[in-house]
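The values are calculated or read from the model by the stated rules, or taken from the named source; none is laboratory data. Bear in mind the structure is a predicted one, so any value in this text is a computation, not a measurement. Note that each Cβ is placed from the backbone with ideal geometry, even for glycine, and that neighbours are counted across all protein chains shown. Note: accessible area is taken over every heavy atom of the protein model, side chains too, but ligands, DNA and RNA are not part of it. Shrake-Rupley method; radii C 1.70, N 1.55, O 1.52, S 1.80 Å.
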Amino acid sequence: MRIQRATLLMTIIFIASVIYIILYFKLFIPTPEQERNITVILKEHNIRSDFWQTVSAGAQAAAKEAGAGITITGPLQETDIETQIQLLEEVLGQKQQAVVIAPINDDRVTAELKKVQEANIPLVIIDTPVSLKSAAPFVSNDHTAAGVQAGKVTLTQTGNNPKSVIIGDFVTSGVSVEREKGVRTALLPYSGSVYGTYYCSDSEERAFLIAKTIMKDHNDLNAIIALNESAALGAANAIKDANKTGLVKLIGFDTSNYEIRLLEEETLNATVVQQPFNIGYLGVQTALDLLEGKKVRPMTYTNSIVVTKENMYSPENQKLLFPFIDK
């Protein structure tokens, strides 16, 4: 009888000890947070693309600061729609915690994004607007405001007497649409200031041919507003080929090593530069906030800076033109 009582007492003490240990570790010993993983899918994941490498650097900085895991991927070219679709399909198969994407403008990509939302995977869109039934948080440069900046610098460069054309990439490009809207808003008070808008299909060669033809058709043309890099590079070659450097002002967007050289030689008279590091950083930060159940802004915009040869060597603009990237 005494043995049974002793056994029962030991059992009770053992159970109480186990409960105490469990409660102690649960209440007083900090446990590591559940690992948070973010997948970032860029339009272009190419070491030669300064813009997207800077977006990538910003995304990595945000993840590192928060102690989160991050995977950054994307096609080698912005026109490789199939690869971006495949990457989204992989996300669905792996059930990633959150996705940040700069989507290529295509209905098939949009369809995959809807599937990501239906799978209840937190989704953040960066850089390029996309139409979804259930809007995802959007982090981007304010492309319409940037267009206004391009229009205003066109006025400055032409002495408030612009005779211009606009060259974009694709008629369906949401970024080009917003930039053109801003440009036309700035130039609206000046009658006959824009002869038209043309599209180069993101081809430098096609932009060259468009600019060359336009300069022949309009002898008084004094400005070309190129809405992306390929349009700017093609137009620059056409201006140089026609010996009209300085006579036809070229206003571009973004920056690359090629555009910086064109600024230095004054073939490119101004470029409207985004802050891609901030886009990547804020995109990942927004995704982390979603994972933590925080309320996020439906739209977060970053600003652009107008860079010319006169101000390109300022410390602030040097950081934009030559961002520090680990390659």
Self-check item: Residues located in the range 62-73, provided they are open to solvent by 40 Å² or more (accessible area, probe 1.4 Å) and not in a helix (DSSP H, G or I)
Solution: Gly67, Ile70, Thr71
Practice problem: Go through the range 187-219 residue by residue and tally those that are open to solvent by less than 70 Å² (accessible area, probe 1.4 Å), under 24 Å from Asn161 (Cβ atoms) and at pLDDT below 95. | Solution: 1
Quiz prompt | Conditions (1) modelled with pLDDT under 95; (2) open to solvent by 10 Å² or more (accessible area, probe 1.4 Å): number failed by Val273 | solution = (2)
Practice problem: Within the range 137-151, work out how many residues are closer than 26 Å to Val109 by Cα and surrounded by fewer than 19 Cβ atoms within 10 Å (Cβ to Cβ). | Solution: 2
Quiz item: Does Ile121 meet the test of being farther than 24 Å from Thr271 by Cβ and of a type in the set (A, V, I, L, M, F, W, C)?
Solution: yes
Exercise. Name the one entry in Val55, Val40 that is at pLDDT 90 or above, open to solvent by less than 40 Å² (accessible area, probe 1.4 Å), in a helix (DSSP H, G or I) and touching a strand residue (DSSP E or B) at 6+ places or on another chain (Cβ under 9 Å).
Key: Val55
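Only one residue in Tyr281, Tyr313 is outside any helix (DSSP H, G or I) and among the aromatic types (Phe, Trp, Tyr). Which one? Outline the logic, then answer.
Details: Tyr281 fails: outside any helix (DSSP H, G or I).
Of the residues listed, the single one that is outside any helix (DSSP H, G or I) and among the aromatic types (Phe, Trp, Tyr) is Tyr313.
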Practice problem: Filter the range 220-259 down to residues that are out of contact with any strand residue (DSSP E or B) (no Cβ under 9 Å at 6 or more places or on another chain), of a type outside the set (Ser, Thr, Tyr) and in contact (Cβ under 8 Å) with a residue 12 or more places away in the chain and give me whichever is least open to solvent (accessible area, probe 1.4 Å). | Solution: Gly246
Self-check item: Residues being over 30 Å from Ser134 (Cα atoms) and open to solvent by less than 20 Å² (accessible area, probe 1.4 Å) - total across the range 296-307
Solution: 1
Practice problem: Count, please, the residues in the range 87-96 that happen to be out of contact with any helix residue (DSSP H, G or I) (no Cβ under 6 Å at 6 or more places or on another chain), modelled with pLDDT of 90 or more and open to solvent by less than 70 Å² (accessible area, probe 1.4 Å). | Solution: 1
Quiz item: So which residues in the range 111-130 are in contact with a helix residue (DSSP H, G or I) (Cβ under 8 Å, 6 or more places away or on another chain) and open to solvent by 20 Å² or more (accessible area, probe 1.4 Å)?
Solution: Lys115, Ala119, Pro122, Pro129, Val130
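Criterion first (modelled with pLDDT under 95, more than 24 Å from Tyr281 (Cα to Cα), open to solvent by 20 Å² or more (accessible area, probe 1.4 Å) and assigned to a loop (DSSP other than H, G, I, E, B)) does Val177 satisfy it? Show your work before the answer.
Numbers: modelled with pLDDT under 95: yes; more than 24 Å from Tyr281 (Cα to Cα): yes; open to solvent by 20 Å² or more (accessible area, probe 1.4 Å): yes; assigned to a loop (DSSP other than H, G, I, E, B): no.
No.
Results for (1) within 22 Å of Arg36 (Cα to Cα); (2) out of contact with any Ser or Thr (no Cβ under 6 Å at 6 or more places or on another chain); (3) surrounded by 22 or more Cβ atoms within 10 Å (Cβ to Cβ), shown as yes or no for each residue.
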| site | (1), (2), (3) |
| --- | --- |
| Gln60 | yes, yes, no |
| Pro75 | no, no, no |
| Leu132 | no, yes, no |
| Ala135 | no, yes, no |
Quiz prompt | The one condition in (1) in a helix (DSSP H, G or I); (2) open to solvent by less than 10 Å² (accessible area, probe 1.4 Å) that Thr267 fails to fulfil | solution = (1)
Practice problem: Confirm whether Thr83 is free of Cβ contacts under 8 Å to residues at least 12 places away in the same chain, open to solvent by 10 Å² or more (accessible area, probe 1.4 Å), among the polar types (S, T, N, Q) and touching a Leu at 6+ places or on another chain (Cβ under 8 Å). | Solution: yes
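Sort out for me the strands (runs of 3 or more DSSP E) sitting completely within the range 93-149 that have 1 or more residues that are farther than 14 Å from Ile41 by Cα and within 15 Å of the chain's Cα centre (by Cα). Walk me through it before giving the result.
Numbers: elements: 98-101, 123-126, 138-141.
Where strands (runs of 3 or more DSSP E) fall fully within the range 93-149 and carry at least 1 residues being farther than 14 Å from Ile41 by Cα and within 15 Å of the chain's Cα centre (by Cα), they are 138-141.
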